[in-house]
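Note sheet for the following structure.
What follows draws every value from the coordinates through simple rules; no lab data is involved. Not measured: the values here are computed from a predicted model. Virtual Cβ from ideal backbone geometry, glycine too; neighbours counted across all protein chains shown.
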Amino acid sequence: MKSITIKGSQRESVGKKATKALRNAGMVPCVVYGGDEPISFTAEEIAFKDLVYTPDVHTVVVDLGGTKINAILQDIQFHPVTDRILHIDFYQIFDDKEVTMEIPVRTTGNSRGVRNGGTLRIVNRKLRVKALPENLPDFIEADITEMRIGNKMYTKSLKTDNYKIMHPDNTVICQIRTSRTAIVDEVEEDAESAEGAEGEEVPATETDDVAAVKE
């Protein structure tokens, strides 16, 4: 996983008055947890641009002028009106200890169901994973190539060699939903697929109509 360096200054005063003065000066008060004791520091608000305002995830190197701390973003508070960053919490990570982090899901492939007029619906855009810091992925790849109208993809179908997904196996990642413009798939479906169409009505064929008349 890619890493971003945040240069800051350790702070001693953590009172409300000092915190307000820091924010007025364009600084963001932060705390790193997970070590022997919490570490309070400040950094310029612009330093967090590539960490906060992006769909990607990163580990963080907090550089306090000689002291470097490896961490991940744990929590962030925004002003309810201006959306400015008010406070950020980080969690210190260690090479030999697993960490849990939310990782974005990225779909790949050209789904047959979408080509036939179905609609791809992403149910979970991020998944919690647990791994050693060096094994944290930049994203989780979900290949939708084989998905057809009515199909769902579950977490149990994902390849997770170096990390563990912290969700039940039946957690839905995405699905191909039918639409008014959808057409009937030309490839034969087996009986199981046909029965598992989740309530979708299969249009009667001309042969079915003739059989009904003979009866």
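Quick notes
- GLN74 long-range amide H proximity, modeled H, under 5 Å: ASP89, PHE90, TYR91
- Sparsely packed trypsin sites (Lys or Arg not before Pro) within the range 1-110, loop by DSSP, other Cβ within 10 Å at most 14: LYS2, ARG84, LYS97
- Across the alpha-carbon set of the range 5-148, the Rg to Rh ratio works out to 1.09, Rh being the Kirkwood radius.
- Here LYS7 is the anchor, and the lysines within straight C-alpha reach of less than 16 Å, apart from those fewer than 8 places off in the same chain, are LYS49, LYS68.
- Taking amide H as placed 1.01 Å from N in the peptide plane, LYS126 has its amide H under 5 Å from the amide H of VAL105, each at least 5 places away in sequence or on another chain.
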